[in-house]
Amino acid sequence: MIKNLEKIYKALADRNRLRILKMLEVRPLCVCEITHVMGIAQPSVSRHLAILRDAELVGGIKNGQWTSYSLSASTDDTVATIITSLRRWGNDDPQVAADRAQLPGARREILCGKA
């Protein structure tokens, strides 16, 4: 139990991972969409997503050439509580608002050039 909490808190202790979680509240996203919005390298985004997945805060579903990441649907009480609380936290942050404003233009079909 303590080891799981440690993973969760370490995952939440990074601003970029928090930004990703706040974007995933809006809709499922692939790595190229997150990379486009955040303006950071694809390997960095992939690493952040791996940490979030390891903490069970996000899940991924393979869809053709893309993996769509979304907030976890975990039945673990701790994860569910954090995901629920996260929806109330940080909504007034200017960076979160800016990220969300960019999401409509972040479409994998356009960014990756393939459907």
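Read-outs: derived from the displayed coordinates by stated rules, not from any lab. Computed from a predicted model, the values in this text were never measured in an experiment. As a convention, Cβ positions derive from the backbone with ideal geometry for all residues, glycine included, and neighbour counts pool all protein chains shown.
Quick notes on this structure:
- Note: relative contact order over region 30-80, using C-alpha pairs below 8 Å and six or more positions apart, is 28 percent.
- Dipole of region 8-115 [Lys/Arg +1, Asp/Glu -1 at C-beta], most positive-end residue of Gly90, Cys32, Thr78: Cys32
- Neighbour cut-off at most 14 other Cβ (10 Å), DSSP loop, trypsin sites (Lys or Arg not before Pro), region 69-115: Arg87, Arg88, Arg107, Lys114
- Counted charge near Leu24, where neighbours are those whose Cβ lies closer than 13 Å (Asp, Glu -1; Lys, Arg +1): +4
- Inter-centroid distance (Cα atoms) of region 69-97 relative to region 1-41, Å: 10 Å
- Three-way shape label, the chain, alpha-carbon gyration tensor, a/c 1.5: prolate
- Relative contact order %, the chain, counting alpha carbon pairs below 8 Å whose residues are six or more apart: 32 percent
- The charge dipole of the chain, taken about the Cα centre with unit charges on the Cβ atoms of Lys, Arg (+1) and Asp, Glu (-1), comes to about 240 debye, rounded to the nearest 20.
- Surrounding net charge for Ser68, when Lys and Arg each add one and Asp and Glu each subtract one, Cβ distance under 12 Å: +2
- Dipole magnitude for region 59-115: about 320 debye, using +1 per Lys or Arg Cβ and -1 per Asp or Glu Cβ, origin at the Cα centre.
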